[in-house]
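Enquirer: First the structure, which I've put down as structure tokens, then a few questions once you've had a look.
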Amino acid sequence: MDSAVGKRSIFTADFLFPVSSGAVRDGAVLVKDGRIASVGKFSEVREANPDAEVREFSGCAILPGAVNTHAHLSFRREDGPEYGSFSEWLLGLIERLEENDKRLAENATDGAREAVEAGTTFMAESSPYGGCLPYLARSGMAGTCFAEFFPHESGDGTPEGAVEFIMGKVSELGEGLPPRVDARVSVHSPYTVDPESARLAARRTREAGERLAIHLSESPEEYDFVTEGTGGLADIFSSNSWGATGKTPVKYGDGIGLLAPETIAAHLATGVGEEEIEILARSGVAAAHCPRSNENLGCDVSPVPAMMRAGIRVGMGTDGLWSSQSLNLFEETMVAVKLHNFDGETGLRLATLEGARALGVEDETGSIEAGKYADFAVVEVPPSGSDTEREVLEAAAENGAVATVVGGDIVHERL
Ligand SMILES: [Zn+2]
């Protein structure tokens, strides 16, 4: 990894897509001390900085690095349970967890590598008790590891004890991390975390000004569990007696204070109607859209266009390799582009700047503009057609990145 400190470098390619402003042909980014110092035509950036080192990527485009708003690094694709209904899949997952834990280091290292090679520069990862944090931290990506906790086995098993335990764990995990990697709390789901623990965790993290990750309104079985206390998840978690609330998962989440601008809610796929969209918009919660996972596990299509129209921040998430095909966020985004009939510009924004907005990190990453960290992906494609953003997205989806740069450091380069 190159050290970016004190160095000025110009990265240039046939096309530059800053996302926050229009595409630039023969564009260039000046990077200084890990941050973007200026953006423009190569000739102009070069003239103003004749001493800077130049990295030229011909036949390529430079775009902001992908921001993955919801991923799990602990799985490798070969070992996964078969796709099917969500509850059947989850049963298979639970059966495999103990065996999987033995491979955690290798899986998470390989998974993070896959994401980096696909041009990911920021990842929100969720794993039990933050188990994947060391591997995220070593990957070169910036990001957050959200530590999931399961109240019955955490602390003294009371809601207070469990939340105290995970808050302590997260602050312990936060020590000695690279500057742009942190640890936060995740309330795993409405069927694994009781309402009191969830409410308390949401309140405590919000008081601390910290982000919170949740899975919400994902599967038909979750919907049945929360509303009626019945169905496949109720069968698995029969001891979790708090279902049957008579409310949809979104209304339930709202009622216990889970929904707030600091919260990133993954999926929002099943049972999200007009009323739910209104609640989500009012609360300011952000959404992580994982269309491939939803399709693979028998969940509904998330009403993303309507959510975006309502002003809800939406980013893209790959989920993990046991529920989806890859950790390539651009590939995930192309699925969303086709599913919702988005143009390439919308797709590129969703994969980058909108993801950063969803996670509240848009001041530091998500677009190529002066002052932000130099986080970008170099993709092999000289765009030629009418929807150049879509061509670039497709190239990144199919072939990954030629180079991935995080905070000015080249963390991946295909030689
Ligand atoms: Zn997930």
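Enquirer: Got a sec? Which residues in region 363-405 would a label at GLN325 touch, if it sits 7 Å along Cα→Cβ and we count backbone N under 12 Å?
Expert: 397-399
Enquirer: In deg cm²/dmol, rounded to 500, what helix-only [θ] at 222 nm does the chain give when every DSSP H run of at least 4 residues adds -39500 (n - 2.57) and the total is split over its residues?
Expert: Here the helix-only value at 222 nm equals -10500 deg cm²/dmol.
Enquirer: Per residue of region 311-316, in order, report the coupling 6.51 cos²θ - 1.76 cosθ + 1.60 (Karplus, θ = phi - 60°) as ³J(HN,Hα) in whole Hz, putting x for Gly and Pro.
Expert: Computed from phi, the couplings for region 311-316 are x, 6, 6, 10, x, 9 Hz.
Enquirer: Turning to a different aspect of this structure: Efficiency by 1/(1 + (r/R0)^6): what FRET value for SER85 and SER43, r their Cβ-Cβ distance, R0 = 56 Å, to the nearest 0.05?
Expert: Working from the Cβ atoms, E equals 0.45.
Enquirer: Once you have the Cα-Cα distance between SER58 and ARG96, take 0.36 nm times their residue separation minus that, and quote the gain in nm to one decimal.
Expert: Gain on extension, SER58 to ARG96, equals 9.1 nm.
Enquirer: Next question, about the same structure. Spelling out what I want: for every residue of region 122-136, take phi, set θ = phi - 60°, compute 6.51 cos²θ - 1.76 cosθ + 1.60 (Karplus), and round to whole Hz; glycine and proline get x.
Expert: 9, 9, 9, 10, 10, 8, x, 6, x, x, 8, 3, x, 7, 4
Enquirer: Also: If you put +1 on each Lys and Arg Cβ and -1 on each Asp and Glu Cβ, how big is the dipole of region 66-358 around its Cα centre, in Debye rounded to 20?
Expert: Value, rounded to 20: 960 debye.
Enquirer: Which distance in nm do the two modelled labels at ALA310 and GLU369 give, with both placed 7 Å along the Cα-to-Cβ direction?
Expert: In this crude label model, ALA310 to GLU369 measures out at 2.7 nm.
Enquirer: Separate question: To check you understand DSSP bridge types, tell me what percent of the beta bridges within the chain (both residues inside) are antiparallel, rounded to 5.
Expert: 40
Enquirer: Next up: May I ask for the distance between the Cα centers of region 323-363 and region 147-214, given as a whole number of Å?
Expert: Using only Cα atoms to place each centre, the spacing works out to 27 Å.
Enquirer: How high is the relative contact order of the chain? Use alpha-carbon pairs under 8 Å, at least six apart in sequence, and give a whole percent.
Expert: Once normalised by length, the contact order is 21 percent.
Enquirer: Next question. In 20 Å bins starting at zero, report the fraction of Cα pairs in the chain per bin as a rounded %.
Expert: 29, 57, 14, 0
Enquirer: So which residue, out of GLU222, GLU160, GLU354, gets the largest mean-square fluctuation from a GNM of the chain using Cα contacts under 10 Å as springs?
Expert: It is GLU160.
Enquirer: For LEU216, LEU280, what ranking results if the residue with the fewest other Cβ atoms within 10 Å of its Cβ goes first?
Expert: With the fewest neighbours first, LEU216, LEU280 line up as LEU280, LEU216.
Enquirer: Using +1 at the Cβ of each Lys and Arg and -1 at the Cβ of each Asp and Glu in the chain, identify which of VAL304, PRO64, MET167 lies farthest towards the dipole's positive end.
Expert: PRO64
Enquirer: Longer than 22 Å from Cα to Cα, which of LYS169/LYS372; LYS7/LYS41; LYS251/LYS338; LYS32/LYS372 are they? Say none if no pair is.
Expert: From the list (LYS169/LYS372; LYS7/LYS41; LYS251/LYS338; LYS32/LYS372), the Cα-Cα distance tops 22 Å for LYS169/LYS372; LYS251/LYS338.
Enquirer: Can you list residues from other chains, or at least 5 along the same chain, whose modelled amide H is less than 5 Å from the amide H of ARG8?
Expert: Residues meeting the criterion, in which the H sits 1.01 Å from N, are GLU53.
Enquirer: Taking the Cα centre of region 137-228 as origin and charging only Cβ (+1 Lys, Arg; -1 Asp, Glu), how large is the dipole, in debye to the nearest 20?
Expert: The dipole magnitude comes to about 620 debye.
Read-outs throughout are calculated quantities, based only on the coordinates presented, and are distinct from any laboratory measurement. Quick caveat: nothing in here was measured; it's all calculated off a predicted structure. For neighbour counting, all protein chains shown are included, and Cβ atoms are generated from backbone atoms with ideal geometry for every residue, glycine included.
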